[in-house]
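Have a look at the structure below, then the notes.
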Amino acid sequence: MAILRRDAAFFWLIAFALPQCWAARPLEVSAKSAAPILSDSAHVQTDNFTRRVLAGCGSGNPIDDCWRCDPLWRENRQGLANCAIGFGRSAVGGRNGEIYVVTDESDDDVVNPAPGTLRWGVVQSEPLWIVFSRNMNIKLKEELLMNSYKTLDGRGANVHIAGGACITAQYVSNIIIHGIHIHDCKSTGPADIRSSPDHFGYRGRADGDAVSIFGSHDIWVDHNYLSNGADGLVDVIEGSTGITISNNYFSNHDKVMLLGAHPDDSFDTAMLVTVAFNHFGEGLVERIPRCRYGYFHVVNNYYTSWAMYAIGGSENPTINSEGNHFVAGNAKEITKRINDDGSKIDGWENWNWRSAGDLFENGAFFIDSGSRGSGSFYAKATSFSARPAVLVASMTNDAGPLMV
């Protein structure tokens, strides 16, 4: 557990002054208090391996170098929104909105959440850049329904969403989720849950995904720790597109990432997803990712084992695997073509799957198919220029939440 030491004035502000003001003026209080809370330099002690101490810039990771090379990033936290790459690069989150500070880790009322809670912030209509006043362990009573134009920014605190429901982005856009530990998610519901200031409604049973993206676009999931969900860790389904999943640390889970849920969801032919600079670590089994129909750029990721397969798919997805570093364990083959009795599409030999510039260790191998090596067939599945695979281990060294 990380320990952040701050001065006495900081704790007085959070423990006594802010709570008395929240109910009347939560956004005004957030805006005025955010600067001293978030610009304070912390002395850090940690034994949590999922967090990385922020080092200097110049890592070669284009996302990290974009904001970590700015010495004033703490005063310009919203500059992070200018650093997305890949198909989710248009996700602005809460940029240009107020800064909202979460001071209350409770989730007692999912229909009428209290100001100061995470749930109150994410359901608001206006853009909000959401930060956290201290280390928090948030156990959500029901799934957290994100409204559009929101950023969850965990930098500067050790924030866990764990042991209860987790995050859902359904029919929304412009979401950034950065620097959060999301793990041990549970299936919850049915229940009435608020999704905006003027709407709450009945929700059926939630699967228990760490991050569920449903019918949404312009979403960026960056620098999180994801582990041990009830179902998937990241699911991108039901026509979602414009997604980047980057710099995350994944561990200890079976079905890791589902990109397209059903064999008859042909509308997912428009799906565009970038999976980049992630570290797929210990205890993972399959679906890293598992793709249907759309266009997928799997680029500059570090795979350090998989129990069944790493990259799989069905329904003729286009998969462009570039500059990844694969280190096999007992399972050597990276790829798996899946016949799930869905739409009848050409045999898998015609599906466009290629490995370009990947690095293979310990017997790992990738089976190409379709238009092997032909750039024109993979243009739509290319979201940025890959870095050399030999740099991947260093570029992903800080995957997961950073301690800053």
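The values are calculated or read from the model by the stated rules, or taken from the named source; none is laboratory data. Here the structure is a predicted model, which is why all the values come from computation and not from measurement. Cβ coordinates were reconstructed from backbone atoms using ideal geometry, including for glycine residues, and neighbour counts include every protein chain displayed.
So Gly312 ticks every box in (1) outside any loop (DSSP other than H, G, I, E, B); (2) within 16 Å of Leu258 (Cα to Cα); (3) at pLDDT below 95 but one. Which box is left unticked?
(3)
Looking at Leu54, is it more than 17 Å from the chain's Cα centre (by Cα) and either of a type outside the set (S, T, N, Q) or at pLDDT 95 or above (or both)?
It is true that Leu54 is more than 17 Å from the chain's Cα centre (by Cα) and either of a type outside the set (S, T, N, Q) or at pLDDT 95 or above (or both).
Have a look at Arg119, Arg134 and point out the one that is surrounded by fewer than 21 Cβ atoms within 10 Å (Cβ to Cβ) and either touching a residue at least 24 places away in the same chain (Cβ under 8 Å) or not basic (Lys, Arg) (or both). Full working, then the answer.
On the way: Arg119 fails: surrounded by fewer than 21 Cβ atoms within 10 Å (Cβ to Cβ).
Testing whether each residue is surrounded by fewer than 21 Cβ atoms within 10 Å (Cβ to Cβ) and either touching a residue at least 24 places away in the same chain (Cβ under 8 Å) or not basic (Lys, Arg) (or both) leaves just Arg134.
Where residues in the range 156-193 are under 22 Å from Met136 (Cα atoms) and of a type in the set (D, E, K, R), which of them is surrounded by the most Cβ atoms within 10 Å (Cβ to Cβ)?
Asp184
Can you find, within the range 228-272, the residue that is nearest to Asp340 (Cα to Cα) among those that are out of contact with any Lys or Arg (no Cβ under 9 Å at 6 or more places or on another chain), buried (at least 24 other Cβ atoms within 10 Å of the Cβ) and small (Gly, Ala, Ser)?
Across the range 228-272, the extreme among qualifying residues is Ser240.
Determine if the range 360-378 includes at least one residue that is closer than 21 Å to Asn247 by Cβ and surrounded by 14 or more Cβ atoms within 10 Å (Cβ to Cβ).
Pass one, the range 360-378, residues closer than 21 Å to Asn247 by Cβ: none.
No, the range 360-378 contains no residue that is closer than 21 Å to Asn247 by Cβ and surrounded by 14 or more Cβ atoms within 10 Å (Cβ to Cβ).
What do you reckon, is Asp207 among the acidic types (Asp, Glu), modelled with pLDDT under 95 and either at positive phi or assigned to a loop (DSSP other than H, G, I, E, B) (or both)? Outline the logic, then answer.
Working: among the acidic types (Asp, Glu): yes; modelled with pLDDT under 95: yes; either at positive phi or assigned to a loop (DSSP other than H, G, I, E, B) (or both): yes.
When the stated conditions are applied, Asp207 passes them.
Sort out for me the strands (runs of 3 or more DSSP E) sitting completely within the range 318-404 that have 1 or more residues that are in contact with a helix residue (DSSP H, G or I) (Cβ under 6 Å, 6 or more places away or on another chain), within 22 Å of Glu286 (Cα to Cα) and among the polar types (S, T, N, Q). Break it down stepwise before answering.
Details: elements: 318-322, 325-327, 335-337, 353-356, 359-361.
Strands (runs of 3 or more DSSP E) meeting the threshold: 318-322.
Given the conditions (1) crowded, with 24+ Cβ neighbours inside 10 Å; (2) outside any loop (DSSP other than H, G, I, E, B), which single one is not true for Trp306?
(2)
From Val110, Val92, grab the single residue that is crowded, with 20+ Cβ neighbours inside 10 Å, under 24 Å from Ile219 (Cβ atoms) and under 21 Å from the mean Cα position of the chain (by Cα).
Numbers: Val110 fails: under 21 Å from the mean Cα position of the chain (by Cα).
Unique residue meeting the criteria: Val92.
Does Ile288 meet the test of being touching a Phe, Trp or Tyr at 6+ places or on another chain (Cβ under 7 Å), at pLDDT 95 or above and assigned to a loop (DSSP other than H, G, I, E, B)? Full working, then the answer.
On the way: touching a Phe, Trp or Tyr at 6+ places or on another chain (Cβ under 7 Å): yes; at pLDDT 95 or above: yes; assigned to a loop (DSSP other than H, G, I, E, B): yes.
Against the criterion (touching a Phe, Trp or Tyr at 6+ places or on another chain (Cβ under 7 Å), at pLDDT 95 or above and assigned to a loop (DSSP other than H, G, I, E, B)), Ile288 qualifies.
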